[in-house]
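Peer 1: Would you mind keeping the following structure in view while I ask a few things?
The values are calculated or read from the model by the stated rules, or taken from the named source; none is laboratory data. Because the structure is predicted, anything quoted here is derived from the model rather than measured. Cβ coordinates were reconstructed from backbone atoms using ideal geometry, including for glycine residues, and neighbour counts include every protein chain displayed.
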Amino acid sequence: MELEQFIKIYTEKHVHPINDITNAIDYINTNYMNPIHIDDLSRVNCTCTSTLQRSFLAATGTSPMRYVTKLRMSITTLLLETTNISVFEISIDVGYNSVSSFNRHFLNEYGTTPSQWRRQFRTAPACDNIAKTPQSLQLWRFQSVATDSVVREAGLEPARP
């Protein structure tokens, strides 16, 4: 066996493809508005926590909980830019139990507050007719995000300074 062949086989065995975490990603994408714990993700992915974290990092370049935060923050920026939903309501809709925790995460992610973001990046007239239930936001998010360059080519971050 040549060295190249060995490396290829070793890599295929040890570098986990995206389908190793498909169940976890699907769970996050449909439950981001609820509390999500690493144990939940391990359970739905039928693997132990450490294996899930390794697989997730290999497949996405980030940890599972960081992925959750980035997804929530991406949805938040979309809602801030295109709706009149209050910051408090958005924080609840994207899965935060307190607006202070939400604001802290947003500030850490983007270096500004959600209200300042809204004032600076409002891109379209607000859509007041959007129902404010998580299921409606979920459906609306998928319709909107699909046109938003699939959340900046799955980098899950708006192209903002």
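Peer 1: State the number of residues belonging to segment 25-66 that are within 13 Å of the chain's Cα centre (by Cα) and of a type in the set (S, T, N, Q).
Peer 2: The qualifying residues number 7.
Peer 1: How many residues, within segment 72-98, are in a helix (DSSP H, G or I), buried (at least 20 other Cβ atoms within 10 Å of the Cβ) and of a type in the set (A, V, I, L, M)?
Peer 2: Looking only at that region, the number is 6.
Peer 1: Additional query: So, in segment 54-100, of the ones that are farther than 14 Å from Pro35 by Cα and among the aromatic types (Phe, Trp, Tyr), which residue ends up modelled with the lowest pLDDT? Give the derivation first.
Peer 2: Here is the first cut: in segment 54-100, the residues farther than 14 Å from Pro35 by Cα are 54-63, 70, 73-90, 99-100.
Those left that are additionally among the aromatic types (Phe, Trp, Tyr): 56, 88.
Numbers: Phe56: 90, Phe88: 95.
Checked segment 54-100; the qualifying residue modelled with the lowest pLDDT is Phe56.
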